[in-house]
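Enquirer: Can you read through this structure? Questions will come right after.
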Amino acid sequence: MNYIHLFYQLLPESVLVISALVLLAVALASEKKSGKPISASLAGSVAAAGILVALLALGFGPKELNSGTNLITVDSMGFLSKACILGLGFLAVLVPPAKQEIANPGEYFALMLFALTGLTLTVGSNHLLFIFVALELASLSLYLLAGFSKIARSGEAALKYFLFGAVSAAFTLFGLSFLYGFSQSDTLQGVALAVANDPSSALGMAGLLMVVVGLGFKLASVPFHYWAPDVYQGAPLTTVTLIAGASKVVGMVLLIRFLMIGYPLAAGSANLGEMAAGWSTWIAILAAVSMIFGNILALAQKSVRRLLA
């Protein structure tokens, strides 16, 4: 394993982690000196600076690189996804939480940086276990962020988000274990080879179905969307920005990676007049139902946040 190349690939994530630790240190020093928590504007400025440096590190980093390990993958889709996630994270920290909402801005924005670290790691891997661990790093940070507000609805939002997220994680992990048992490989490329040798395997199909269900929770697609309105309504605005934006990007990229890299031969066709059995038909149906059902329910909403959910 080439550790220099591996660190080179992880430069944006390293910047985010260092920025989070610096922010925690600054918040602690500020509280010891003045006896008050760090201001939201200062904490947000430090977080924004860290995200900007991470974007620069991403821009100067490799666009295509093989480190000799399957844990980290640098490709065009991963690069663009990371840029999009970091851009959304930067916009999110520009929307500071209300004073009465957040008691400890230093910890709040540090958790945002840890969440962004998990999200960027998730879209930059084709390794089954690494994808799950990175996704859970982001999810645990987002659960805490959802409950950071002092209002009562924030606690309800965090609890619902955690419970639905736990179900999502269970489906995803079961699906990944099935895929590993089916392919005897811990990479999506290995899954693709196993699918090519046995395209009708029940174990492989069950694994894919469970992963799609788990990602359906992350994408809030019908019928896995019930957590979204309450979480969007109760969580702090900055957190909602991350959940509604960056989290959805990660869910979509993971879905594309699993289907296009792991199961390209089982795609079928969703074109009218040329429909063929495969996952593309079911994904098209899921997308259509989510858009129609979501827009119909949005007509009755009076809250902007619930409407967006």
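Enquirer: Looking at V167, V133, which one is surrounded by fewer than 19 Cβ atoms within 10 Å (Cβ to Cβ), touching a residue at least 24 places away in the same chain (Cβ under 8 Å), part of a helix (DSSP H, G or I) and aliphatic (A, V, I, L, M)?
Expert: V167
Enquirer: Additional query: Of the numbered conditions (1) surrounded by fewer than 21 Cβ atoms within 10 Å (Cβ to Cβ); (2) within 18 Å of the chain's Cα centre (by Cα); (3) not aromatic (F, W, Y), K150 fails exactly one; give the number of that condition.
Expert: Tallying (1) surrounded by fewer than 21 Cβ atoms within 10 Å (Cβ to Cβ); (2) within 18 Å of the chain's Cα centre (by Cα); (3) not aromatic (F, W, Y), K150 fails exactly one: (2).
Enquirer: Within the stretch 256-302, how many residues are more than 25 Å from M210 (Cα to Cα) and at pLDDT 70 or above?
Expert: Going through the stretch 256-302 one residue at a time, the tally reaches 8.
Enquirer: Only one residue in L140, L144, L113, L179 is crowded, with 23+ Cβ neighbours inside 10 Å, within 16 Å of the chain's Cα centre (by Cα) and in a helix (DSSP H, G or I), so which one is that? Steps first, please.
Expert: Details: L140 fails: crowded, with 23+ Cβ neighbours inside 10 Å; L144 fails: crowded, with 23+ Cβ neighbours inside 10 Å; L179 fails: within 16 Å of the chain's Cα centre (by Cα).
Criteria check complete, one pass: L113.
Enquirer: Looking at the stretch 182-198 only, could you name the residues that are touching a Phe, Trp or Tyr at 6+ places or on another chain (Cβ under 9 Å), touching a residue at least 24 places away in the same chain (Cβ under 8 Å) and not in a helix (DSSP H, G or I)?
Expert: D186
Enquirer: Across the stretch 237-246, which residue is nearest to A220 (Cα to Cα) among those that are surrounded by fewer than 24 Cβ atoms within 10 Å (Cβ to Cβ) and not aliphatic (A, V, I, L, M)?
Expert: Per the stated criteria, the residue is G245.
The values are calculated or read from the model by the stated rules, or taken from the named source; none is laboratory data. Computed from a predicted model, the values in this text were never measured in an experiment. Every residue, glycine as well, gets a Cβ built from its backbone with ideal geometry; the counts of neighbours run over all protein chains shown.
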